[in-house]
Amino acid sequence: MPFGRFFRFIVQRSSSMAWLMLCVGILSGLLSAGVLALINYVVHHPSDHSPLVLLGFVGLVAGKILASLGSQVLLVRFSQDTILDLSLSLCAKILRAPLLRSEQRGANHILITLTDDVSWVTWAIQCFPSFLMNGALVLGCGIFLAWLSWSVFLAVLGVAVVSVVVHQWLHTSVRDIIAASRDARAELFQRFRSLTDGLKELLMHRARRQEFVDEEVRGAAELYRKTNLEATRIQALLGAWNAVSLYSLIGFIIFLFPSFGLISSEALTGYIVAMIYMMGPISSIISTAPTLERGQVALDNIERLGISLDVCPEDVQTRELVGLEPEISPIVQWTDVVFSYGQDNDAETPFTLGPISLELCPGELVFIIGGNGSGKSTLVKVLSGLYQPLRGDVRLAGTMITDANREWYREHFSVIFSDFYLFKKLLGHSDSQVHSLAPQYLRLLHLDHKVTVRDRTFSTLDLSQGQRKRLALITAYLEDRSIYVFDEWAADQDPQYKEVFYKTLLPDLRSRGKTVIVITHDDRYFHLGNQVIKLDDGKVVEHVKDSGARMTT
């Protein structure tokens, strides 16, 4: 069956709906064949106008119409449920997957899958019942033709087999081109992301933006256009070939078979009526096939994304470490931890972090320093559980961290990344918590004159980068986790507010028993920390503990 995988997908989504559509399709085909047989009977027996014949005609037509109507009504609900379920399940898989795997897959491919691929699968699902019903109708008509004349039917079947072989050859070609077209669209989407993300840089350099539009965008758009045109050309050839095959059959039946005495006049009339009757369903199958083909390619992409991302087992560790006692020390312990981007990294020499051993205790302030490319941001992702170590032991309050409890481990960290994203709504917090604490934090961070919070939503995000970082800090405060990590948080703050951050906010978190890790270049504040860890090329080159002395970078 050309679209067997697609039917198996529908069975997996809802077996009852799949078999209902199949049964309705078969029923519709049988009823259509019955209508055709009845018409052929009336044509050859014009004097028979008995009420029974009329009643049979009305019943067959009514049954066919009701079968089609019932299928369409059920289909609308099923297709909408499918697009919702697909979108939610893919989002859930992305959020469960290791961050590194998602980064390797690429944001553009993930977004194309969530938008275009899900939509194509949904459109194909909507077309699939019609495809089944028309296919069943053609099959029913084939049974009727075999009943009229076996010898002619076998000749027709031989012509049909040749047609199907050529059709499958073209079908394979168009499938590969549709897949290439989808990849070309992903590349074009990446260029569009570059346009929005690098808009300022493009506006500042005329030659850069001209080359970007004339070569980068045009090249990706031309590739997408070329693959689409090629797919359309082959699909047009498919349609033309199917039309040639159909009319060739009609020509053989009308002109060739009677001249050899292979068919009686009564059977000839039945064949002509049947072929004309089948032209509509066959045309519908031909027009539906490209949508189903795109749906199958989209389904392959969705399943490929799901397989590549769904490698993180569900977390089975559910116990909380809330309100840890101060004497639980260290809260985080690393022993010879190593992380590497491996051979998938674009660099000629894969970057390796570690081996690193460290201990982080409640109420400690730890500074992590180093130059660009030294591994600070990678360390943050490994420390917070977003990257899985290649080797070494990681413990949280004495509990060994594995894949089974990594999600539980991450729940103890509040992190503001250097490339943080600020949600407009304070997600994951109760209304009462936000209502009681958010105004207090806005005043603390000197933002109450610019931003208000209503229904857990910030009134505006149209702020400077430093002010947006302060809003991100509100989210971190509301989370009230055991460990806080700030990646270059103070880099965009004015000198006055840097003083507030280092001498007021951080000491306040320490006094509440929080472990605070700060990545920074502000060496004049290092004396405030309990530990200063300096990285270079992924290695710890200097580690000062409980030192009030100034350490320079």
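The table below gives the values:
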{"item": "Qualifying positions in the range 204-234 - in a helix (DSSP H, G or I) and over 30 Å from GLU293 (Cα atoms)", "result": "ARG206, ALA207, ARG208, ARG209, GLN210, GLU211, PHE212, VAL213, ASP214, GLU215"}
{"item": "Residue that is modelled with the lowest pLDDT, among those in the range 108-143 that are farther than 14 Å from LEU299 by Cβ and out of contact with any helix residue (DSSP H, G or I) (no Cβ under 7 Å at 6 or more places or on another chain)", "result": "THR115"}
{"item": "Condition check for SER119: crowded, with 17+ Cβ neighbours inside 10 Å and among the hydroxyl-bearing types (Ser, Thr, Tyr)", "result": "no"}
{"item": "Count of residues meeting criterion [open to solvent by 30 Å² or more (accessible area, probe 1.4 Å) and not acidic (Asp, Glu)] in the range 481-499", "result": "5"}
{"item": "Number of the exception - HIS429 against (1) assigned to a loop (DSSP other than H, G, I, E, B); (2) out of contact with any strand residue (DSSP E or B) (no Cβ under 9 Å at 6 or more places or on another chain); (3) in contact (Cβ under 8 Å) with a residue 40 or more places away in the chain; (4) over 24 Å from ARG512 (Cβ atoms)", "result": "(4)"}
{"item": "Residue that is under 41 Å from the mean Cα position of the chain (by Cα), closer than 29 Å to SER340 by Cβ and of a type outside the set (Lys, Arg), where the choices are TYR497, TYR484, TYR477", "result": "TYR484"}
{"item": "Restricting the range 122-144 to residues that are crowded, with 20+ Cβ neighbours inside 10 Å and touching a Gly at 6+ places or on another chain (Cβ under 6 Å), the residue that is farthest from ARG8 (Cα to Cα)", "result": "GLY140"}
{"item": "Residues located in the range 461-480, provided they are over 27 Å from GLY513 (Cβ atoms) and open to solvent by 40 Å² or more (accessible area, probe 1.4 Å)", "result": "LEU461, ASP462, SER464, GLN465, ARG468"}
{"item": "Selection within the range 170-188 - over 17 Å from LEU111 (Cα atoms) and either open to solvent by 70 Å² or more (accessible area, probe 1.4 Å) or at pLDDT below 80 (or both)", "result": "LEU170, HIS171, THR172, SER173, VAL174, ARG175, ASP176, ILE178"}
{"item": "Residue selected from the range 4-24 under the condition modelled with pLDDT of 70 or more and among the hydroxyl-bearing types (Ser, Thr, Tyr), by the criterion most open to solvent (accessible area, probe 1.4 Å)", "result": "SER16"}
{"item": "One residue from VAL453, VAL415 being aliphatic (A, V, I, L, M), touching a helix residue (DSSP H, G or I) at 6+ places or on another chain (Cβ under 6 Å) and open to solvent by 10 Å² or more (accessible area, probe 1.4 Å)", "result": "VAL453"}
{"item": "Boolean, ARG225 is open to solvent by 80 Å² or more (accessible area, probe 1.4 Å), under 27 Å from ILE112 (Cα atoms) and either β-branched (Val, Ile, Thr) or at pLDDT 80 or above (or both)", "result": "yes"}
{"item": "Residue match in the range 381-390 (condition: surrounded by 13 or more Cβ atoms within 10 Å (Cβ to Cβ) and either touching a Ser or Thr at 6+ places or on another chain (Cβ under 6 Å) or farther than 30 Å from LYS534 by Cα (or both))", "result": "yes"}
{"item": "SER374, sole failed condition from (1) among the polar types (S, T, N, Q); (2) modelled with pLDDT under 85; (3) buried (at least 18 other Cβ atoms within 10 Å of the Cβ)", "result": "(2)"}
{"item": "Residues of the range 25-41 satisfying the condition of being open to solvent by less than 50 Å² (accessible area, probe 1.4 Å) and modelled with pLDDT of 75 or more", "result": "LEU31, GLY34, VAL35, LEU38"}
{"item": "Filtered residue count, the range 258-298, keeping only those that are in contact (Cβ under 8 Å) with a residue 24 or more places away in the chain, open to solvent by 10 Å² or more (accessible area, probe 1.4 Å) and within 14 Å of LEU148 (Cα to Cα)", "result": "6"}
{"item": "Selected residue [out of contact with any helix residue (DSSP H, G or I) (no Cβ under 6 Å at 6 or more places or on another chain) and either surrounded by 14 or more Cβ atoms within 10 Å (Cβ to Cβ) or under 30 Å from VAL118 (Cβ atoms) (or both)] from ARG209, ARG191, ARG233", "result": "ARG233"}
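The values are calculated or read from the model by the stated rules, or taken from the named source; none is laboratory data. Note that the structure is predicted; figures quoted are calculated from it, not measured. Cβ sites come from the backbone with ideal geometry, for glycine too, and all protein chains shown count toward neighbours. With ligands, DNA and RNA removed, areas are computed over all heavy atoms of the protein, side chains included. Shrake-Rupley method; radii C 1.70, N 1.55, O 1.52, S 1.80 Å.
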